[in-house]
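**Student:** Sending over a structure as C-alpha cells; questions will come in a sec.
The values are calculated or read from the model by the stated rules, or taken from the named source; none is laboratory data. Just so you know, these numbers come straight off a predicted model, no measurement behind them. We place every Cβ from the backbone using ideal geometry, glycine too, and count neighbours over all the protein chains shown. These accessible areas exclude ligands, DNA and RNA; they are computed on the full protein's heavy atoms, side chains included. Shrake-Rupley method; radii C 1.70, N 1.55, O 1.52, S 1.80 Å.
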Amino acid sequence: MSWSPFKPDIIEDPANGHQHLLKECPVHHCEEFDPSFYTLSRYADVEEALRDIETYSSHWGQGPRFTEPAGMLADPPQHTNYRKLIQQAFTPKAVEALRPQVASLTDELIDTILDGPDIFDFHDQFAFPLPVIIIAGMLGVPSSDLDQFKVWSDMQVDIMGSEDPTKYMDEQMKFQAYMFNHMMNRRGEIEAGKDVPEDLLTMVAGARANDGAYIPDSDALSMLNQLLVGGNETTTSLITNLMWRLLEEPSRWQAIVNDESLIENAVEESLRFDPPVLGLYRTNTKDVELHGQVIPESSKIWINYAAANRDESVYENPDEFDMTRSMKRHMAFGLGVHFCIGAPTARLEAEVALRKLRERLPELELMDAGERIGPFFLWGRRTLPLRRR
Ligand code: HEM
C-alpha cells in the first residue's frame, strides 16, 4: 500500500493509513507537496521529536511551508517569553472560572435546538458556536462577529495547509485590520488609564519588551490569530468527533446517559482516537538518521499525533474506541514546550457539553456521519446531522 495524506481514502479517514505507517513506513517522504515533507508516526519518535526542540525546531512554522517566526510560532527564548505573557488566562483557576459561562451558553444552545425541528445539524447549532463564543469572550472581541470569525478561522487553516497562500491575501488583510483595530483601541484605553478587562487582548495589546517598547505588532497579531483559531476550530472538532463516535454505536451513548462518571474518559478517548489536529510540522536543524533513513537538514517534518495515538506498542487494540480503557498520555495536544495551552479549556467545554447533552437530550440519534472538514492535517465534521426525539 502506498500512503499519502492526500490520497482520497486517507482524506476520507486518516485512520485507514495509520497501521501501514506505523508498521511499514515509520519515516515517510511525501513528494506530492511543495516543499516535500517527511512524516513520523511511531509514538516513541513523535515523543522524541516534540521533546528535542533543538533538532526539531518550530522556527519555520507549524505548517508544511517555511514561514517567518512570529509570536509563539518560534523556538525559545522568543516562544517562552510570549507564552508567559498569556499563561495567566489559562491557569486552572482561570479555566474553572469559565465553567458557569460555558454551562449557561450550552443551555441556551440546547434551548434553541429544542425549539427547532427534530432533525438538526449538530455542528452548526452546537459544536461551532460554543467554542467560538467562549474564545471571543476570552480574547475580548465581540461574539456578534461570530460568522465572520468562522470565515477567518477557516481561512487561517486553509492558508496554513496551502502550497500557495497568496490567493487569501485580501481576506487576510481584512482579518489583520480587524484584530489590529481591536488591539489599538485597547492600547488606547490602557494608556488613558481606563479600567480594562483582564482578558487576552489586554495581555497582548499591553505587553512590552525588555526595552519598554510595545512588542512588535507582527508578534502580537500572530498570537491573537493563533488564539482565535486554536481556541475555535479544534474544540468544535473535538465536540463533533466525540458525539459522532458516541452516537455511531448507540450503546456507547446509552452508557454515557446511564453513567456520567464515564464522561471524562470518553473525552480523552475521543482525543486519542480522533485527534482534531492530526499533526503539525517541525524543521530539523541537522541531518536525522532514523530507522535506516536519513532526513536531510532543513526538511519539513510532519509529526503525526493521530498515528502515534494508534501505536499498538502503547495502546492495546488501538483501533477500537473504548471509553473504559485506562488512559495513557495521548498526543492530541502535542507535548513539551508547545503543549497546547488551551487544553484545559477544550476539556472543560467538551465535558460540560456532554454533561448537559446527556441530561437534556438523552434520546439523540445519528442520521449519518455528515462531512469531513477540508484541511488534510485536521480532523473534524463540518456537518453532523442528528435527530432528537
Ligand atoms: C481539542 C481542542 C484543541 C486541540 C486538539 C489543540 C491542539 C493543539 C496542539 C497539537 C498544539 C501544539 C502545537 C505545536 O506543538 O506546535 C496546540 C498549541 C496551542 N493551542 Fe491548542 N488545541 C485545542 C484547543 C485550544 C484552545 C481552546 C486554545 C485557546 C483558548 C488553544 C490555543 C493554543 C495555543 C495558543 C497553542 C500554542 C502553544 C505554544 O506554542 O506554546 N488550543 N494546540
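**Student:** For the condition of a type in the set (A, V, I, L, M, F, W, C), in a helix (DSSP H, G or I) and either more than 16 Å from the ligand (Cβ to nearest atom) or open to solvent by 60 Å² or more (accessible area, probe 1.4 Å) (or both), what is the one hit in 132, 102, 151, 157?
**Tutor:** Matching residue, one of 132, 102, 151, 157: 151.
**Student:** Another question, if that's okay. So residue 40 ticks every box in (1) within 29 Å of residue 163 (Cβ to Cβ); (2) surrounded by fewer than 20 Cβ atoms within 10 Å (Cβ to Cβ); (3) more than 12 Å from the ligand (Cβ to nearest atom) but one. Which box is left unticked?
**Tutor:** So the condition that residue 40 fails would be (2).
**Student:** Name, by its number, the condition in (1) surrounded by 16 or more Cβ atoms within 10 Å (Cβ to Cβ); (2) farther than 24 Å from residue 125 by Cβ; (3) more than 12 Å from the ligand (Cβ to nearest atom); (4) among the aliphatic types (A, V, I, L, M) that does not hold for residue 364.
**Tutor:** Failing condition for residue 364: (2).
**Student:** Quick test of your reading of the structure: residue 282 fulfils all but one of (1) in a helix (DSSP H, G or I); (2) open to solvent by less than 20 Å² (accessible area, probe 1.4 Å); (3) within 15 Å of the ligand (Cβ to nearest atom); (4) modelled with pLDDT of 95 or more. Name the failing condition by number.
**Tutor:** Unmet condition: (1).
**Student:** Residue check, residue 49 against (1) within 15 Å of the ligand (Cβ to nearest atom); (2) in contact with a Phe, Trp or Tyr (Cβ under 6 Å, 6 or more places away or on another chain); (3) farther than 16 Å from residue 278 by Cα, all met but one. Which one?
**Tutor:** Among (1) within 15 Å of the ligand (Cβ to nearest atom); (2) in contact with a Phe, Trp or Tyr (Cβ under 6 Å, 6 or more places away or on another chain); (3) farther than 16 Å from residue 278 by Cα, the lone unmet condition for residue 49 is (3).
**Student:** Might you let me know whether region 315-330 holds any residue that is open to solvent by 30 Å² or more (accessible area, probe 1.4 Å), at positive phi and free of Cβ contacts under 8 Å to residues at least 60 places away in the same chain?
**Tutor:** Yes, some residue in region 315-330 is open to solvent by 30 Å² or more (accessible area, probe 1.4 Å), at positive phi and free of Cβ contacts under 8 Å to residues at least 60 places away in the same chain.
**Student:** Looking at this structure, is residue 94 outside any loop (DSSP other than H, G, I, E, B) and open to solvent by less than 40 Å² (accessible area, probe 1.4 Å)?
**Tutor:** Taking the combined requirement at face value, the residue satisfies it.
**Student:** Now a separate question. Hey, can you tell me all the residues within region 26-37 that are touching a strand residue (DSSP E or B) at 6+ places or on another chain (Cβ under 8 Å) and either open to solvent by less than 10 Å² (accessible area, probe 1.4 Å) or hydrophobic (A, V, I, L, M, F, W, C) (or both)?
**Tutor:** The answer is 27, 30, 37.
**Student:** Do any residues in region 241-262 that are among the aromatic types (Phe, Trp, Tyr) have Cβ atoms under 7 Å from those of residues that are part of a helix (DSSP H, G or I), where the two are at least six apart or on different chains, and which pairs are they?
**Tutor:** Between residues of region 241-262 that are among the aromatic types (Phe, Trp, Tyr) and residues that are part of a helix (DSSP H, G or I), the close pairs are 253/246; 253/247.
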